[in-house]
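The values are calculated or read from the model by the stated rules, or taken from the named source; none is laboratory data. Note that the coordinates shown come from a computational prediction; the quantities given were computed from them, not determined experimentally. Using ideal geometry, Cβ is built from the backbone for each residue, glycine included, and neighbour counts are taken over all protein chains shown. Ligands, DNA and RNA are stripped out before the accessible areas are found, and what is left, the full protein with its side chains, is counted by its heavy atoms. Shrake-Rupley method; radii C 1.70, N 1.55, O 1.52, S 1.80 Å.
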Amino acid sequence: MDSDEDFMSAVSSEDDILPDDSENEDMSGGEDFDDFDEPDPDLGISKDFGQRKRVAYDIPFQVYKPADIQKQQDELVNEVNMILDIPKGEAAILLRHFRWNKERLIEDYMDRPRQVLEASGLALEPASLPKLEVLPGFMCDICCEDGDGLESFAIKCGHRYCVDCYRHYLAQKIKEEGEAARIQCPSGGCNLIIDARSLDLLVTPELTARYHELLNRTYVEDKDTLKWCPAPDCPNAIECGVKKKDLDKVVPTVSCLCEHRFCFGCILNDHQPAPCELVKRWLKKCADDSETANWISANTKECPRCGSTIEKNGGCNHMTCRKCKHEFCWMCMGLWSEHGTSWYNCNRFEEKSGLDARDAQAKSRVSLDRYLHYYNRYANHEQSARLDKNLSQKTEKKMVQLQKESGMSWIEVQYLNAASQALQTCRTTLMWTYAFAFYLARNNLTEIFEDNQKDLEMAVENLSAMFERPVTELADSKLKVELMDKTSYCNKRRIILLEDTAQNLADGRWTFNVELTGSAASSGPSNRA
Amino acid sequence: MSRSFANKRLAKELQKINNSLPPGIELVSAENFDEWTLDIRVLDDNPLYRGQIHRLKFKFGTTYPIEPPEVTFVNLPDRPIPIHPHIYSNGIICLDLLGQQGWSPVQNVESVCMSLQSMLTGNTKNERPPGDEEFVRGNRLRPKDIDFLYHDNTV
Ligand SMILES: [Zn+2]
Ligand SMILES: [Zn+2]
Ligand SMILES: [Zn+2]
Ligand SMILES: [Zn+2]
Ligand SMILES: [Zn+2]
Ligand SMILES: [Zn+2]
């Protein structure tokens, strides 16, 4: 697999920043992906990237619907069926046994067909076909039952249990643990996998459907280049060439036909520009420190001037106290008037206070302050994205109403939807820029990053503020144009930030204050996220 | 899966336990098929556990023995939680045998007790797992919902 480097150089060799640069070449051919285990001639991913631009944060991928996945499987089964002259049912068993690596199966089978068939549980002699047996003097080690006529079963290792226990065991594996193609012998320490023919004999009718569904899923699960879309009830799979070892160089966000955007590396929701390892550390840190930090993300705060309670109802950070009309920033509680010119104060933590820290106590206070600084902003964008979403749902209702009254068509009001989408995506990006910045050690690039962050933040707050206006105002054609401009400006700022960050990541130009490669997993327990 | 499957097996185990248990293992209570307690002690002269008896609590789900029981050490005035690099000070045990992956339905209460006994017998380290304090403070999960990394299979 030496061609992984090809992939990385494809990602990093393009110096263009904006995707609307017409000089960008199209992705031509599939040469960057020739390391796929099985190049599927009909569904090869290359042709679908014809229009994609090669930019560092934009990772090539391909979405497959259930029918596509089935077709690929069927094609492999047919090929093996033809080349090796084996019935299709058995070809499928062999392919699953070889984790869908067709080349290796064919090679091994040509060399020593008998062993391959036996290893896959497809022994030819009728005497060795799996069957239930009643053996005199047998006692089951699971239920401790004995007695005449107790039916029992064993695979080749000879670990024999009664049929009832075997079925309980399989039900647990299939129904609760979602295993099918690689269920092991129930005996402790025996790793022998229960073969397909034995399972056909033992799996009870009420489990058959689930069992076959799970078998079908192995096609995607066995291939490193394929992953299921994690959105609830989404049946699609995504193919992407990014390898685990590339994850310190690239953040592979993919998006499904169902519109769910997620990271191909760790399956979490889109977290560009922060690399997977930082995301993992950050989420763990937030979970560990949640009690300390909880108060910050609360929905209500007191007005810094008159002390009356203010509730945040939209995503915008510009707060106006209903009682005293004091204007302030929700994030830092500072005067809003100061933010117009110096947003800088609000996105960047002043590290210099660390120099004043004299003793250990003061230092730990500074390190907590530093964490809270970034967490505060991270949590704020997370919350704002949620509030913006609520707002957009409300807006949508109003739009329907307005459509009726003004006679505007549904297409004509889609600019609101576009604005809401932009707010969501940009807030998500902003959110992760703060986790990213938390782990970033200062060098000559961090200032550019902070400027980009600041610009995006300003663009987002502007759009968010406008989005909060009453729908009747937004229907005005002048405001409509302004909103559309602000939307596209937001998207543009996001692309600039992502492109710059991804390019530097691919080139290894960032310095982090933690190790990016080799997971933080040392020992002991980790809570399931 | 019906409760009766677990109960039938536990009844058989109880019958056997009442007849005999290996030295150093004693049944304390088994009033129902949900929860049993047993005492174990180390048989040799390991200075770490000399003169100590430890209380184990077994909780059985309806899927026992297909799935593992929940086994923890209980802290009582005369029953300390044994010090061991795989036993947290709140009694939670990091042992692959008790996890989804390492468990086999062929295991039983007696075999689990014996494994823990030998895990203590073989130990020479007078220490808790790394991150014990943090884990004990922060953990609110049931043992079976914790992903332990079985970093060391020598114990
Ligand atoms: Zn049995
Ligand atoms: Zn076996
Ligand atoms: Zn999807
Ligand atoms: Zn990721
Ligand atoms: Zn006020
Ligand atoms: Zn501020």
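Restricting to region A:228-239, name every residue that is within 14 Å of ligand 4 (Cβ to nearest atom) and at pLDDT below 95.
Restricting attention to region A:228-239, the residues satisfying the condition of being within 14 Å of ligand 4 (Cβ to nearest atom) are A:230, A:238.
Listed by number, the list holds a single entry, A:Pro230.
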- Please find, among A:Lys312, A:Lys280, the residue that is away from ligand 4 (no atom under 12 Å from the Cβ) and either surrounded by fewer than 20 Cβ atoms within 10 Å (Cβ to Cβ) or at pLDDT 70 or above (or both). A:Lys312
- Name the residue, out of A:Phe449, A:Phe438, that is in contact (Cβ under 8 Å) with a residue 40 or more places away in the chain and open to solvent by 10 Å² or more (accessible area, probe 1.4 Å). A:Phe438
- Note on the structure: Condition set of a type outside the set (D, E, K, R) and part of a helix (DSSP H, G or I), scope region B:1-13, selection farthest from B:Gly61 (Cα to Cα): answer is B:Ala11
- Task: Output the qualifying pairs, or none if there are none: Cβ atoms under 9 angstrom, residues six or more apart or on different chains, first residue in region A:146-167 and without any contact (Cβ under 8 Å) to a residue 24 or more places away in the chain and at positive phi, second residue aliphatic (A, V, I, L, M) and more than 13 Å from ligand 2 (Cβ to nearest atom).
- Result: A:Gly147/A:Met139; A:Gly149/A:Val134
- On the given criteria, is A:Ala422 in contact with a Phe, Trp or Tyr (Cβ under 7 Å, 6 or more places away or on another chain) and in the same structural domain as A:Asn380 (by TED's automatic domain parsing)? no
- Message: What's the total number of residues in region B:73-120 that are open to solvent by 40 Å² or more (accessible area, probe 1.4 Å) and in contact with a Phe, Trp or Tyr (Cβ under 7 Å, 6 or more places away or on another chain)?
- Response: 1
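Per-residue answers, yes or no, for (1) within 12 Å of chain B (Cβ to nearest Cβ); (2) assigned to a strand (DSSP E or B); (3) over 31 Å from the mean Cα position of the chain (by Cα):
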position	(1), (2), (3)
A:Phe138	no, no, yes
A:Lys156	no, no, yes
A:Ala171	yes, no, no
A:Ala181	no, no, no
- Task: Taking only region A:248-291 into account, find how many residues are closer than 17 Å to A:Thr511 by Cα and of a type in the set (A, V, I, L, M, F, W, C).
- Result: 7
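Per-residue answers, yes or no, for (1) in a strand (DSSP E or B); (2) within 11 Å of chain A (Cβ to nearest Cβ); (3) more than 30 Å from A:Glu179 (Cα to Cα); (4) not aromatic (Phe, Trp, Tyr):
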position	(1), (2), (3), (4)
B:Gln15	no, yes, yes, yes
B:Pro23	no, no, yes, yes
B:Trp36	yes, no, yes, no
B:Asp45	no, no, yes, yes
B:Ile66	no, yes, no, yes
B:Phe73	yes, no, yes, no
B:Asn90	no, no, yes, yes
- Query: Within region A:460-515, which residues are open to solvent by 30 Å² or more (accessible area, probe 1.4 Å) and over 19 Å from A:Ala419 (Cα atoms)?
  - Reply: A:Asp500, A:Asp507, A:Gly508, A:Arg509, A:Thr511, A:Phe512, A:Asn513, A:Val514, A:Glu515
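Per-residue answers, yes or no, for (1) within 16 Å of ligand 2 (Cβ to nearest atom); (2) part of a loop (DSSP other than H, G, I, E, B); (3) more than 22 Å from A:Asn513 (Cβ to Cβ):
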| site | (1), (2), (3) |
| --- | --- |
| A:Pro235 | no, yes, yes |
| A:Val242 | no, yes, yes |
| A:Val250 | no, yes, no |
| A:Cys258 | no, yes, yes |
| A:Phe262 | no, no, yes |
| A:Pro273 | no, yes, no |
| A:Leu278 | no, no, no |
| A:Lys284 | no, no, no |
- Considering region A:203-228 alone, what residues qualify as being within 14 Å of another protein chain (Cβ to nearest Cβ) and under 19 Å from A:Ile93 (Cβ atoms)? A:Leu207
- Query: Listed residues A:Met110, A:Met139, A:Met82; which is in the same structural domain as A:Arg167 (by TED's automatic domain parsing), surrounded by fewer than 19 Cβ atoms within 10 Å (Cβ to Cβ) and at pLDDT 90 or above?
  - Reply: A:Met139
- Task: For residues that are more than 18 Å from A:Leu129 (Cα to Cα) and among the hydroxyl-bearing types (Ser, Thr, Tyr), tally how many sit in region A:150-192.
- Result: 2
- Considering only region B:121-131, state which residues are within 13 Å of chain A (Cβ to nearest Cβ) and open to solvent by less than 20 Å² (accessible area, probe 1.4 Å). B:Pro129
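Listed here are the residues, each with its yes/no results for (1) in a helix (DSSP H, G or I); (2) in contact with a helix residue (DSSP H, G or I) (Cβ under 6 Å, 6 or more places away or on another chain); (3) hydrophobic (A, V, I, L, M, F, W, C).
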| residue | (1), (2), (3) |
| --- | --- |
| A:Val63 | no, no, yes |
| A:Gly89 | yes, no, no |
| A:Arg96 | yes, yes, no |
| A:Leu122 | no, yes, yes |
